[in-house]
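Here is the structure we will look at, set down as structure tokens.
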């Protein structure tokens, strides 16, 4: 029994226009897959547009659209956390299903929004909120549902990855590449959300919640951007066989029987909980993630018993985002054409009453290897002093690279360490910086072998 | 309202044991995700086993298990196409949902089995049948449901990829590596299904069906294995910046408005239809697929408007396969706990009455680049003769590598060509082999830039 599913699109920017375009291009395939007709009945737009099919009603009153009898599913692609939030809440209260790409809104207000949706027996779908067209939400909520997810990491901000890629490939400076990214439209005029890691942190909060079954906790995510990464560090990392990528990490430690946690030495069992962090990271040049370049995204998931799987593709753009939005619509069509409303994947992958209160770890408790770069006097005994401090702190050295003198008798020393608890490393770095022969802050970048 | 979902596992080999183990390890997480209890009530096994929890009934009468009132979902992990088929059909007729990992059975008898399932309002789920734990079935049926899938390619046989990887990494011969693969348990005593490409062809038939909405057509898949790949070819490919991988390809040509087909020169619009083929393929060494090594699998999908996405992970093994089997069970739990049976993804992603009769192309009509290797007399004019033939056939040369003389005055010549219709290449190769200065068959391997 074929029905007509009625959609409203709120916001006609890049993504909204992409959804309109997708329906024009692929409607026949969508009908073949769903068995139902799909029509856009209303669009929410501030000013009347003359490039929209006249059968679609244009309306600047978004609250009216959210309550319209002529709408089954409300697609929110405006962004922002004020009007978007009000409209989504209104739609839910009117019994409408909602599809949104709004990662900031969900990361910061998702617990409230999802609870309201449960109460009103509607669904809020958000595949497009993380990693664009890569179906990482469906993968974590459904495809990997039988697994115990141990950790995940990924490149989940395309702008940042574009900058890191250009620096390495072309030997360009951060500022230089950032200006190009802004000119190309990859980065906003105010690039803070991208280069400071906030956008990645929003997405990581969503991923961690559905991986581990915990409430959204954006405020607990440790967030470090790429603004301090210099070309010099990129080059040295390269000489050592590594690339620097801005990664998000969600890691569960020690609450599973299998305990296959990330880079975890047995001596460092300092705390039990979940690591949530985004920061620049060295990874081996032959790791798949090291070869995810430009504006591409990828997420690597380690779960038991599946092992490592990786998901790669476009993390942004009209087409990729529209693909994810409409995948959610296709799922909701199955809900709308069934005769009850109980039959769905929980919003956060786990049942709302089964969410755990596992603590989020502070950054001091996380364990990684490190890339350290020191500016030292070219005098005897300096290296012995530094390695002595590391040894005393129980930190094992994996590799040392001593570069030729390049200015005023000072010599750069690069050290790679094995995994160590961050608080231990902080102590050692303080001692190293206190040495008479060391003249500037120690540069440090975390390092993972991803094994 | 929490229910107890009752499972039967038919077959207690590697995969069946993996499913038992997964439930032991992850039951708490499964309950948290589904909201329901999951119990194994019966296992089908030829002889009584004493390492199985005594609460589980062991039974050698598989038909009785398939009809048992004490079973909601039948999990078939025996393999084979005789008993397995009979039992699945019996289970369907008794109104049981079925989960199977049996790629050969579905590729060859899936149309019949799925039609019967539709008739009896039950589902036959098969995530584990392709690429092990990589959720490529869910991705193609659900996550990419809004896209027009243009082509997909992938490494979908782990044994073959292990052999190709070892040959390249360690300079070992095919036979040598095959024997090791057999000793390690990666390859069967009779390795035909793996090394001749039949296993990959089974999987490709399934992927193509759900990508394009066509019936299963295993008998139309062009199938070439890796038994003719020599270390010499692996080495030359490497010198030219390529790696040889055994890939499956499903390519839709010219029936979309967007027409972004694989490596398709505009002059070569010889036929409309779908390419289904598995064969060794050169791909650039920096392509992600070129870096999928050992027994790993990966599938690259190009769709509109999403673009390229890639899915990577373990393509076999107890844990990966059990992960996929139980993901299907988790989906079926939503069906079982709903109050109707209409609410599901179609078996082949498209509605049964919407399957298209798009033709499958013969291998002559496909278009790829080529790697050619010739043994030629070291005399003047040979290269001119060869390139003249190619030019006459309208085939463009991308690169030529002439190696030093290595035996009896003969010289190997390696040529890479731009994409060309296979039938054209066949004509050119026949002419080249007829030249007096050419002494053996021309070695040819297809080549894709994956752009």
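For region B:207-231, the set of residues classified as surrounded by fewer than 20 Cβ atoms within 10 Å (Cβ to Cβ) and more than 25 Å from residue B:178 (Cβ to Cβ) consists of B:215, B:217, B:219, B:220, listed by residue number. The set of residues from region A:320-338 being more than 19 Å from the chain's Cα centre (by Cα) and at the interface with chain B (Cβ under 8 Å from one of its Cβ atoms) comprises A:326, A:327, A:329, A:330, A:331, A:334, A:335, A:337, A:338. The criterion of at least 1 residues that are in contact with a strand residue (DSSP E or B) (Cβ under 6 Å, 6 or more places away or on another chain) is met by the following helices (runs of 4 or more DSSP H) wholly inside region A:151-227: A:158-170, A:198-212.
Exactly one residue out of B:184, B:178 is outside the structural domain of residue B:15 (by TED's automatic domain parsing) and at pLDDT 90 or above, and it is B:178.
Conditions tested, residue by residue: (1) under 29 Å from residue A:300 (Cα atoms); (2) in the same structural domain as residue A:244 (by TED's automatic domain parsing); (3) outside any strand (DSSP E or B); (4) in contact (Cβ under 8 Å) with a residue 60 or more places away in the chain.
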{"position": "A:370", "(1), (2), (3), (4)": "yes, no, no, yes"}
{"position": "A:379", "(1), (2), (3), (4)": "no, no, yes, no"}
{"position": "A:388", "(1), (2), (3), (4)": "no, no, yes, no"}
{"position": "A:413", "(1), (2), (3), (4)": "no, no, no, no"}
{"position": "A:429", "(1), (2), (3), (4)": "no, no, yes, no"}
{"position": "A:441", "(1), (2), (3), (4)": "no, no, yes, no"}
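Scanning region B:436-451 for residues that are crowded, with 17+ Cβ neighbours inside 10 Å and farther than 13 Å from residue B:372 by Cβ gives B:437, B:448, B:450.
So if I check each of A:108, A:112, which one is more than 14 Å from chain B (Cβ to nearest Cβ) and without any contact (Cβ under 8 Å) to a residue 24 or more places away in the chain? Matching residue, one of A:108, A:112: A:112. Of all residues in region B:145-162, none are closer than 30 Å to residue B:449 by Cβ and outside the structural domain of residue B:242 (by TED's automatic domain parsing). The set of residues from region A:31-46 being surrounded by fewer than 24 Cβ atoms within 10 Å (Cβ to Cβ) and within 14 Å of another protein chain (Cβ to nearest Cβ) comprises A:31, A:32, A:35, A:36, A:37, A:38, A:40. For region A:6-19, does any single residue satisfy the condition of being in contact with a strand residue (DSSP E or B) (Cβ under 8 Å, 6 or more places away or on another chain) and surrounded by fewer than 16 Cβ atoms within 10 Å (Cβ to Cβ)? No; the residues of region A:6-19 include none that is in contact with a strand residue (DSSP E or B) (Cβ under 8 Å, 6 or more places away or on another chain) and surrounded by fewer than 16 Cβ atoms within 10 Å (Cβ to Cβ). Summed over region A:287-314, residues that are facing chain B (nearest Cβ under 7 Å) and part of a loop (DSSP other than H, G, I, E, B) total 2. Being outside the structural domain of residue B:146 (by TED's automatic domain parsing), buried (at least 21 other Cβ atoms within 10 Å of the Cβ), touching a helix residue (DSSP H, G or I) at 6+ places or on another chain (Cβ under 9 Å) and at pLDDT 95 or above is a condition met by at least one residue of region B:329-342.
Just wondering, is there one or more residues in region B:236-243 that are farther than 22 Å from residue B:448 by Cβ, away from chain A (no Cβ under 14 Å) and surrounded by fewer than 19 Cβ atoms within 10 Å (Cβ to Cβ)? Checking region B:236-243: not a single residue is farther than 22 Å from residue B:448 by Cβ, away from chain A (no Cβ under 14 Å) and surrounded by fewer than 19 Cβ atoms within 10 Å (Cβ to Cβ).
The values are calculated or read from the model by the stated rules, or taken from the named source; none is laboratory data. Predicted model only: the values in this text are computed from it and were never measured. Cβ sites come from the backbone with ideal geometry, for glycine too, and all protein chains shown count toward neighbours.
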